[in-house]
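Contents: one structure, followed by commentary.
Any read-out appearing in this document is the output of simple, stated calculations on the displayed coordinates, not a laboratory observation. None of the values given here were measured: they were computed from a predicted structure. Cβ atoms come from the backbone with ideal geometry, glycine included; neighbour counts cover every protein chain shown.
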Amino acid sequence: MAGGRKKKFDEETALKAAMDVFWQKGFAGTSISDLTQRMGINKPSMYNTFGNKEELFVKATNFYIENKAKSHSKFLLENRKPLKMRLKNYMRSIISIQCESEQHKGCYLVHCQSEVAGGDLPENARKLLVEADKYDKSLLTDIFNNDPEAKERGLNKNAEMNALCLAATLRGTASMARAGSTFSELEFVIDHSIKGIGL
């Protein structure tokens with residue numbers, strides 16, 4: 001018996017292309033034709049492999065979280081380095097992604113999260129973005145609460161607000177990068193943000 005027709009495209013490459021489109025245009029601003037054109041596939045192939053636009057958005061968002069957003073956390077875990085250096089390396093890694101591409105500057109999550117308040121996002125997509133918004137604040141709060149140097153410096157006493165300060169800085173750099181600010185300009189911003197919490 002003859003086997004099924006083989007796909008003529010790489011799923012991960014197509015998913016990354018979809019992520020790039022959503023990163024550039026957001027959910028509401030992206031059309032099916034935008035997606036299929038950038039992904040290099042036709043509509044039936046998109047629907048059969050990834051589902052509808054909402055399902056594709058959720059998959060693209062999860063792809064971003066796993067392959068982009070979570071990749072920065074390793075810098076916080078380099079325990080042999082001073083806390084200030086770890087925080088700076090973590091934030092520098094994030095702004096390097098924010099400034100990386102001419103097509104989609106800024107942060108995928110921050111850009112798409114701006115649509116949450118407008119009520120235009122499907123519920124599954126909205127829930128995913130709301131949950132993703134907590135990731136870096138939770139990660140930084142954990143560092144300030146449990147890292148020996150952070151505790152020695154008393155940063156654990158105001159861990160959540162220290163984390164909020166740095167997370168808010170990264171939201172701001174995402175918007176500034178999207179508007180054209182350079183890596184060196186944003187590096188100056190994060191230096192002052194880290195100094196502002198007492199490091």
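List of remarks:
- Listed residue pairs exceeding 31 Å between alpha carbons, taken from Lys25/Lys81; Lys105/Lys151; Lys59/Lys195; Lys8/Lys68; Lys16/Lys84: Lys25/Lys81; Lys105/Lys151; Lys59/Lys195; Lys16/Lys84
- Per-q log10 I(q)/I(0), the chain, q = 0.09, 0.10 Å⁻¹ (Debye; single scatterer per alpha-carbon; no solvent): -0.40, -0.48
- At R0 = 22 Å, FRET efficiency that the Cβ-Cβ distance of Lys151 and Lys84 yields, to 0.05: 0.90
- Using a simple spin-label model with pseudo-atoms 7 Å out from Cα toward Cβ, Phe63 and Phe9 lie 1.0 nm apart.
- Extending 7 Å from the Cα toward the beta-carbon at both Tyr135 and Lys16 defines two label points whose distance is 1.7 nm.
- Structural descriptor for region 54-115: relative contact order 24 percent, calculated from alpha carbon pairs under 8 angstrom and at least 6 residues apart.
- Within the listed set Gly154, Gly119, Gly106, the residue fluctuating most in the Gaussian network model of the chain (springs between alpha-carbon atoms under 10 angstrom) is Gly119.
- With a simple spin-label model that places each label point 7 Å from the Cα along the Cα-to-Cβ direction, the separation between Asn52 and Asp142 comes to 3.5 nm.
- Set of aspartates and glutamates near Lys127 by C-alpha distance (under 16 Å), chain-local residues within fewer than 8 positions excluded: Glu54, Glu55, Glu115
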